[in-house]
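Participant: If you scroll down you'll find the structure; I have some questions about it.
The values are calculated or read from the model by the stated rules, or taken from the named source; none is laboratory data. Source: prediction; values computed, not measured. No Cβ is skipped: glycine too gets one built from the backbone with ideal geometry, and neighbour counts run over all protein chains shown. These accessible areas exclude ligands, DNA and RNA; they are computed on the full protein's heavy atoms, side chains included. Shrake-Rupley method; radii C 1.70, N 1.55, O 1.52, S 1.80 Å.
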Amino acid sequence: QKNYAEAARVLLDGYRQFADSDKGPDMVLTLGLSLQQLGENEQACATFDELDRRYPQAPAAVKQKAEAGRQAAGCQ
């Protein structure tokens, strides 16, 4: 629905409550992508970094989408 600000808020709340769940990597990925869409590239890059740190064994599809988000956000 392209309501990225609301999505980011909901995802951050969900991540805080359920970081250790199976959906943790997906929540962090989607949070990063939402921040990137909002133009919050610095925060998006930090979120993608958190994804790598917290979930090194994330599924390959999640890692690929995160890499695409990093490129779109101009992460270093």
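Participant: Averaging sequence separations of C-alpha pairs under 8 Å and six or more residues apart, then dividing by the length of the chain, give the relative contact order as a whole percent.
Facilitator: That works out to 31 percent.
Participant: Want the number for ALA72 to ASP13: 0.36 nm per residue separation, take away the alpha-carbon distance, what's left?
Facilitator: Full extension of this stretch gives 18.8 nm more.
Participant: What accessible area per residue, rounded to a whole number of Å², is obtained for the chain using a probe radius of 1.4 Å?
Facilitator: The answer is 66 Å² per residue.
Participant: So, one more: Work out, in µm²/s and without decimals, the Stokes-Einstein translational diffusion coefficient of the stretch 24-76 at 37 °C, 0.692 mPa s, Rh from Kirkwood over C-alpha pairs.
Facilitator: Details: Rh = 10.3 Å.
Value of D from the Cα-based Kirkwood radius: 317 µm²/s.
Participant: How much length, in nm to one decimal, is gained on full extension between ASN3 and GLU50, taken as 0.36 nm per residue of separation minus their Cα-Cα distance?
Facilitator: Value of the extension gain: 14.6 nm.
Participant: Sticking with this structure for a sec: Which of ASP13, ASP49, ASP26 moves the most in a Gaussian network model of the chain with Cα springs under 10 Å?
Facilitator: Result: ASP13 has the largest fluctuation of those listed.
Participant: Can you compute the FRET efficiency between ASP20 and GLN64 using 1/(1 + (r/R0)^6), with r the Cβ-Cβ distance and R0 = 25 Å? Round to the nearest 0.05.
Facilitator: Once rounded, the FRET efficiency stands at 0.60.
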